[in-house]
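Bear in mind that the values in this text are calculations on the coordinates, not laboratory data. Keep in mind the model is a prediction, meaning the values are calculated, not measured. Every residue, glycine among them, receives a Cβ derived from its backbone with ideal geometry; neighbour counts consider all protein chains shown.
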Amino acid sequence: MSLQETVSAERIHIAWFGMRNAGKSSLVNAVTGQDVSIVSAVPGTTTDPVRKAMELLPLGPVLILDTPGLDDEGELGAMRVARTNRILAQTDIAVLAVDATVGFSEADTELPAEFAKRSIPFVIAFTKADLAGKELRAVRTQEAKALLSAEDTADRIVFTSAATGEGITALKERLGAFAPEVTREKRIVTDLVAPGSAVVLVTPIDASAPKGRLILPQQMVLRELLDAHCTALVCQPEELAEALGNLRTSPALVITDSQAFAKVSAVVPADVKLTSFSILFARYKGNLRSLVAGAEHIDALRPGDRVLIAEGCTHHRQCEDIGTVKLPGWISKRLGFAPEFSFTSGGDFPENPAEYSLVIHCGGCTLPEREMQRRLAAAGEAHVPVTNYGVAIAYMNGILPRSLAVFAGGES
Ligand code: SF4
């Protein structure tokens with residue numbers, strides 16, 4: 001997974017919905033000033049949104065998701081709903097493109113309530129406005145208002161034309177006005193240490209490490225520390241004792257790869273705070289308190305129980321050893337039997353994980369926060385406990401309280 005993809009997960013996700021002939025893609029291109037959309041030669045074959053990372057001021061870095069038409073051929077209603085739900089789970093801002101000369105389809109009319117239910121700010125953008133006269137516009141405006149809730153206002157309705165440029169600036173301004181609602185203030189680590197602190201990062205370079213670079217959680221933590229003018233000392237577990245000995249004062253924090261937790265905990269003096277990259281991401285993307293509570297369910301597993309081990313990335317399972325080999329091994333050894341392990345990666349997380357007794361999720365560095373929250377909510381609704389790689393490993397090594405001390409009671 002590249003740094004670019006990490007940045008993508010952190011970008012504001014703007015998803016564009018609409019029927020295939022609504023002029024959605026032309027509108028996306030007019031707003032972005034770029035040719036974002038890819039039109040498939042075979043209608044109905046594109047089931048994933050086209051993604052494009054770009055700057056859209058004043059929002060800043062955004063990810064444009066040009067979604068397949070709501071009326072894509074060959075998809076059953078239930079599949080369309082599932083696909084739309086997957087996209088909605090990643091959406092920070094939504095645009096519903098509706099052909100002004102045609103009006104709302106049935107599928108269109110369902111979306112504003114869905115957006116509102118998920119607290120997704122949205123705009124209804126009528127397209128092809130150059131072909132719609134005053135009376136037709138009045139009709140469309142009334143139809144749109146009927147779909148808006150009391151809290152939504154008429155400025156959520158914009159008439160646009162990719163052909164004449166009408167309404168494009170107004171639509172951009174409307175999107176930009178959502179910035180306060182969707183801008184993230186959360187930090188991974190620098191709210192836990194004073195500016196300018198020294199922090200030690202322990203990053204084992206073993207067979208599962210990608211060649212020639214650090215994995216994404218490590219890159220993101222390192223970059224955030226540098227942005228905060230902290231001093232970061234990076235080493236492998238074997239060099240940690242010497243590295244700590246060379247420091248004139250104790251570091252404010254030691255952050256280790258979870259796989260090396262036991263070894264690192266034995267080396268780091270008891271008065272020095274210690275946590276893991278994975279635990280930092282449990283807080284950053286998920287809900288640390290509930291993921292900590294989930295760890296205790298490891299010991300409640302019984303023979304025959306199913307455990308889902310879920311990772312956020314697909315292409316190269318950079319933490320693959322830990323997810324598919326080490327975690328199952330450690331859990332089986334602790335319990336004295338092997339539960340039934342299943343594995344998912346990327347977007348494959350089940351809508352309803354009720355068949356599992358426990359979910360263990362990676363830090364999810366490549367997932368938008370909304371997607372991680374959706375996964376936690378799905379498990380919560382199914383009454384399935386969820387824990388996190390780093391939390392589970394710290395728990396099994398008996399160092400969970402120590403690894404949470406840096407949060408000083410503010411776990412969530
Ligand atoms: S397995 Fe999870 S934490 Fe590791 S790189 Fe992939 S998404 Fe990030």
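So here's what we get for this one:
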| item | result |
| --- | --- |
| Under 16 Å from the Cα of Lys326 - aspartates and glutamates, other chains or at least 8 residues apart | Asp206, Asp257, Glu311, Glu340 |
| Cross-link partners of Lys24 among aspartates and glutamates (Cα-Cα below 16 Å; sequence separation of 8 or more within a chain) | Asp35, Asp48, Asp66, Asp71, Asp72, Asp99, Asp108, Asp130, Glu166 |
| Estimated dipole of region 198-280 in Debye, rounded to 20 [Cβ of Lys and Arg +1, of Asp and Glu -1, Cα centre] | 120 |
| Nonlocal amide H pairs with Ser276, under 5 Å, H built at 1.01 Å | Thr256 |
| Per DSSP, loop chymotrypsin sites (Phe, Trp or Tyr not before Pro) in region 78-167 with at most 13 further Cβ within 10 Å | none |
| Size-normalised alpha-carbon gyration radius of the chain, reference 2.2 N^0.38 Å | 1.10 |
| Region 173-270: GluC sites (Glu not before Pro) falling in loop per DSSP and having at most 12 other Cβ within 10 Å | Glu185 |
| Cα gyration tensor shape of region 198-280, rounded if a/c is under 1.5, else prolate or oblate by comparing a/b with b/c | oblate |
| Cβ charges +1 (Lys, Arg) and -1 (Asp, Glu), total dipole of the chain, debye | 580 |
| Farthest toward positive dipole pole in the chain [+1 Lys/Arg, -1 Asp/Glu at C-beta], among Pro49, Val62, Ala107 | Val62 |
| Residue among Ala252, Gly398, Val189 farthest towards the positive dipole end of the chain, charges placed on Cβ | Ala252 |
| Under Karplus coefficients 6.51, -1.76 and 1.60, residue-wise ³J(HN,Hα) of region 158-173 in Hz, glycine/proline x | 10, 9, 10, 9, 5, 6, 9, x, 4, x, 5, 5, 4, 5, 4, 5 |
| Farthest toward positive dipole pole in the chain [+1 Lys/Arg, -1 Asp/Glu at C-beta], among Gln236, Thr324, Val95 | Gln236 |
| The chain: calculated mean residue ellipticity at 222 nm from DSSP helix runs of at least 4, using -39500 (n - 2.57) | -10000 deg cm²/dmol |
| Per-residue HN-Hα couplings for region 359-365 [Karplus 6.51, -1.76, 1.60; θ = phi - 60°; Hz; x = Gly/Pro] | 10, 10, 10, 6, x, x, 4 |
| Whichever lysines have a C-alpha closer than 26 Å to that of Lys186, once near sequence neighbours (fewer than 8 apart) are set aside | Lys52, Lys117, Lys172, Lys273, Lys285 |
| Values of log10 I(q)/I(0), in the order q = 0.16, 0.17, 0.22, 0.24 Å⁻¹, for region 287-396 under a Debye, Cα-only, solvent-free model | -0.64, -0.72, -1.29, -1.56 |
| Bins of 5 Å, starting at 0 and running to the largest distance - Cα pair percent for region 112-224 | 2, 9, 14, 13, 11, 8, 7, 7, 9, 8, 7, 4, 2, 0 |
| Three-way shape label, region 3-182, alpha-carbon gyration tensor, a/c 1.5 | rounded |
| Rounded to the nearest 20 debye, dipole of region 319-412 from Cβ charges on Lys, Arg, Asp, Glu | 380 |
